[in-house]
Amino acid sequence: MTATPAPETPARQRVHLRIAGMTCAACADRVRRGLEQLEQTTATVNIATGTAEVHTLPWYRAEDFRQVVETAGYTVVPHPPTPEPPNNTPRTTTSPRAAVAVTVLTTATVLAATVFGSGTSTAPEFLLFALAAIAVAGAAAPIHTAAWRAARRGHTTMDTLTSLGLLGTLTYAAVATVGAADGVRYSAVATAVTMVALAGRRLKTRAERRAGASLRDLAARFARYATVLDDSGRETRLPVGELREGQRFRVGPGDIVAADGLVVDGAADLDVSVLTGETTPVPTATGDTVTAGSVALDGTLVIEAAAIGDRTRLARLLHAVERSTDERGDFQRLADRIAGRFVPASFALAALAGTGWLIVAGPDSAARAGLAVLLAACPCTLGLATPTAVLVAAGRAAQLGIFVKGQRVLEQAEGSAVVVFDKTGTLTDGAPAVVGVFPAATVSRRDVLCWAAAAESGSAHSVALAVRAAARAEDHDVPEARAVTEYPGSGVLGIAEGRRLAVGRPAFLRRHGFAVPADLAAQRRAQEQLGHTTVYVGAGDRVVGVIAVTERVHPAAARAIVQLHGLGLRTLLLTGDNPFAAQSVADRVGIGEVVAGVLPEDKAEVVTRLQESGRHVMFVGDGINDGPALAAADVGIALGTGADAAIDAADIVLAGRDLLRVPAAIGLAWATLATIRTNLRWAFGYNVVVVPMAALLLDPLAAAAAMAVSSLFVVSNSMRLRRFTPPGPSPQPTAVPEKVRR
């Protein structure tokens with residue numbers, strides 16, 4: 001059990017629980033309702049992953065949640081010391097590995113019953129009944145135990161139906177054996193029903209665990225140990241949970257980086273594919289930042305830890321995926337409501353069928369019909385229809401470098417009709433280069449570039465980076481600026497060499513009292529018509545120059561836009577840049593609609609206007625300034641190389657900067673929803689058709705087999721998402737190196 005402050009609501013806490021013993025949607029709903037009885041508490045419970053996420057008041061402690069879960073009849077399982085993916089489902093009383101041995105025992109019992117009861121009147125019926133009793137009461141004991149635990153608390157679950165069906169079949173076999181009325185056949189039916197029930201559960205559990213294999217692969221990228229250095233340089237190998245922020249640790253060849261941090265010594269090539277999706281090693285040296293989960297391929301690094309444990313970027317993304325499998329979307333809420341009423345309805349139908357057949361055909365037919373209804377009823381198909389599909393999709397998405405934060409995202413993605421792109425750093429590589437410096441008649445080119453570099457010395461904006469890079473390339477001595485103030489999306493002000501300096505948009509400089517000569521205004525317009533981005537440079541009280549920069553379009557951008565259009569989606573470019581530069585980029589990538597000259601704070605307003613016109617909107621961005629638009633959109637998509645603010649605000653995070661992951665994410669969302677709908681149609685259809693058939697036609701063995709097949713169909717259909725192929729060329733999947741030291 002872990003409890004961490006919820007970043008989005010500091011006054012509350014978010015608690016993650018691993019719960020054993022849940023076997024159907026009714027179990028999950030009971031746990032959820034119990035947790036939500038705590039004051040100001042909301043909870044989501046996932047039957048497929050055996051987990052619960054609770055948002056509650058800060059004074060509740062682990063013991064409070066444990067008591068609530070145990071009162072509901074289930075068990076809280078301690079969390080492992082290192083992060084795990086959501087499908088490391090706690091072993092429950094109904095699906096341990098020992099189920100394999102149970103199934104073998106049951107099968108042997110059935111075979112023995114078949115041999116001894118194959119038509120000879122001398123078959124030892126009482127011995128066969130004893131074997132059947134061992135199978136039903138012994139091998140299936142976990143099912144009966146779970147059913148009894150629920151009954152003691154006045155609950156009914158899927159285990160209740162199965163347990164009563166198995167015990168009822170065994171009871172009927174006992175009556176038949178004592179009465180010499182074909183006891184062999186009913187003993188064989190009892191063992192066969194047990195075999196089918198246990199085998200079906202075991203296969204379903206194995207399929208569910210396979211569904212999370214991709215997420216487990218990603219979880220393998222967490223280090224278990226770190227080689228920590230003390231002040232004297234002595235090394236101590238510690239569990240990663242004991243690493244603290246500010247401590248230094250060493251990473252050698254084959255080691256996994258244990259925390260996000262800053263390299264303070266050494267050089268190495270790192271495999272950073274877990275977060276960027278790029279398989280090319282990244283040269284890393286002193287002064288570079290690194291992220292947890294990266295793997296040193298050669299060389300040695302000394303890293304100062306800046307973010308550890310759940311605060312690392314990789315952990316935050318994996319926990320976001322875990323929350324996506326816990327969240328209850330519209331489909332899940334519908335299924336849960338129906339499943340919660342299904343078990344009592346099944347008992348009522350079994351009693352009605354038994355009563356009807358007792359009147360019409362006698363006790364034998366009445367017992368057959370009642371038992372068949374209990375064994376055929378399968379509320380677990382309703383409970384598994386959504387979470388298994390979401391779980392498999394989350395794993396496949398992670399393989400493709402796509403981290404989805406919730407079921408709601410999948411539902412919203414299907415309705416999205418417009419995909420809005422930020423320009424700088426999203427469609428372009430975010431590293432523009434200076435292509436022209438145009439000074440006023442009385443000022444040198446060198447002065448304009450140096451003054452601009454001085455004013456931009458503390459800015460992380462792409463234009464500022466380009467200006468400083470140009471000044472360094474020309475080996476200019478840039479003066480030191482003071483009193484620098486940055487106005488995001490507009491410009492910067494500062495003082496250097498006794499002059500007031502400004503760099504930014506035309507309106508920004510005019511607003512701060514800088515006069516614009518006509519020749520420089522004309523030069524700016526000419527450069528913008530060429531598709532360049534421009535800024536004014538001001539010194540004293542007038543504009544003294546124009547700097548033009550250009551950006552390189554991301555290589556995959558045009559292909560991504562083609563794929564989005566192939567999916568029937570509209571695309572729009574939204575940027576604060578000038579219309580000519582924006583249109584130049586839009587033309588190169590194939591976007592037909594452009595909204596330019598928009599201030600960062602107004603991007604969200606543009607998104608809102610699109611929504612008010614009846615359109616569902618996706619927004620793709622990477623910068624701090626994109627946070628409000630990402631949050632306002634129906635679905636926000638952030639690039640994994642972008643700012644933390646953008647990643648936190650987004651609903652989907654893409655590894656690296658490969659824009660082909662945008663259509664891949666949309667295509668996977670659509671495929672997942674189609675799978676969920678198929679699962680729900682099957683679950684509803686099965687229970688509507690087969691349960692009444694069981695009351696009229698099926699014997700208990702056929703009913704048990706139908707129930708097992710129903711659950712397996714839902715899980716198997718969801719597993720098809722593991723083979724999802726994105727439209728067009730696939731983005732590079734993330735991979736785990738074969739040999740790493742954890």
Could you please give the count of residues in the range 589-627 that are of a type in the set (Asp, Glu) and either on the phi > 0 side of the Ramachandran plot or within 25 Å of the chain's Cα centre (by Cα) (or both)? 2
Name the residues in the range 580-595 that are touching an Asp or Glu at 6+ places or on another chain (Cβ under 8 Å) and either of a type in the set (Val, Ile, Thr) or within 18 Å of Phe508 (Cβ to Cβ) (or both), would you? Ala581, Val585
Name the residue, out of Gly642, Gly597, that is modelled with pLDDT under 85 and over 20 Å from Ala560 (Cβ atoms). Gly597
Can you name the number of the only condition in (1) part of a strand (DSSP E or B); (2) of a type outside the set (Lys, Arg); (3) modelled with pLDDT under 80 that Asp269 fails? (3)
Going by what's in this entry, would Tyr536 be described as at pLDDT 95 or above and not aliphatic (A, V, I, L, M)? yes
Just the residues that are hydrophobic (A, V, I, L, M, F, W, C) and outside any helix (DSSP H, G or I), please, taken from the range 707-729. Phe724
If Val420 satisfies every condition in (1) under 30 Å from Gly614 (Cβ atoms); (2) in a loop (DSSP other than H, G, I, E, B) but one, which is the exception? (2)
Only one of Ala539, Ala521 is touching a helix residue (DSSP H, G or I) at 6+ places or on another chain (Cβ under 8 Å) and surrounded by 15 or more Cβ atoms within 10 Å (Cβ to Cβ). Can you tell me which? Ala539
Would a scan of the range 691-699 turn up a residue that is without any contact (Cβ under 8 Å) to a residue 40 or more places away in the chain, surrounded by fewer than 16 Cβ atoms within 10 Å (Cβ to Cβ) and not in a helix (DSSP H, G or I)? yes
I'm trying to understand the selection: among the residues of the range 50-76, which are modelled with pLDDT under 80 and more than 22 Å from the chain's Cα centre (by Cα)? Gly73
If I filter the range 482-491 for residues that are of a type outside the set (Asp, Glu) and closer than 13 Å to Tyr536 by Cα, do I get at least one hit? yes
Thr106 being part of a loop (DSSP other than H, G, I, E, B) and either at pLDDT 80 or above or buried (at least 23 other Cβ atoms within 10 Å of the Cβ) (or both): no
Being closer than 30 Å to Ala441 by Cβ and either aliphatic (A, V, I, L, M) or at pLDDT 90 or above (or both) is the filter here, so list the residues in the range 542-568 that pass it. Arg542, Val543, Val544, Gly545, Val546, Ile547, Ala548, Val549
Would you confirm, using the coordinates I've provided, whether Val585 is in a strand (DSSP E or B) and of a type in the set (A, V, I, L, M)? no
Every residue in the range 357-389 that is among the small types (Gly, Ala, Ser), out of contact with any Gly (no Cβ under 8 Å at 6 or more places or on another chain), free of Cβ contacts under 8 Å to residues at least 60 places away in the same chain and assigned to a helix (DSSP H, G or I), please. Ser365
Sole residue being within 17 Å of Gly425 (Cβ to Cβ) and in a helix (DSSP H, G or I), chosen from Ala464, Ala471: Ala464
Looking only at the range 615-636, count how many residues are outside any strand (DSSP E or B), in contact (Cβ under 8 Å) with a residue 60 or more places away in the chain and surrounded by 24 or more Cβ atoms within 10 Å (Cβ to Cβ). 5
Within the range 399-443, residues being among the aromatic types (Phe, Trp, Tyr) and under 19 Å from the mean Cα position of the chain (by Cα) number 1
Within the range 423-481, take every residue that is of a type in the set (Asp, Glu) and touching a residue at least 12 places away in the same chain (Cβ under 8 Å) and give me the one that is surrounded by the fewest Cβ atoms within 10 Å (Cβ to Cβ). Asp477
Filter the range 301-346 down to residues that are modelled with pLDDT under 65 and under 20 Å from Arg224 (Cβ atoms), then give me how many there are. 1
Kindly provide the set of residues from the range 650-672 that are surrounded by fewer than 24 Cβ atoms within 10 Å (Cβ to Cβ) and touching a Phe, Trp or Tyr at 6+ places or on another chain (Cβ under 8 Å), ordered by number. Gly667, Ala671
For the range 695-715, enumerate the residues that are at pLDDT 85 or above and either small (Gly, Ala, Ser) or in the same structural domain as Thr194 (by TED's automatic domain parsing) (or both). Ala695
Here, strands (runs of 3 or more DSSP E) confined to the range 213-264 with at least 1 residues that are at pLDDT 90 or above are 225-229, 248-251
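The values are calculated or read from the model by the stated rules, or taken from the named source; none is laboratory data. All of these numbers come straight from a predicted model, not from anything done at the bench. A quick note on method: Cβ atoms are made from the backbone with ideal geometry, for glycine too, and the neighbour counts reach across all protein chains shown.
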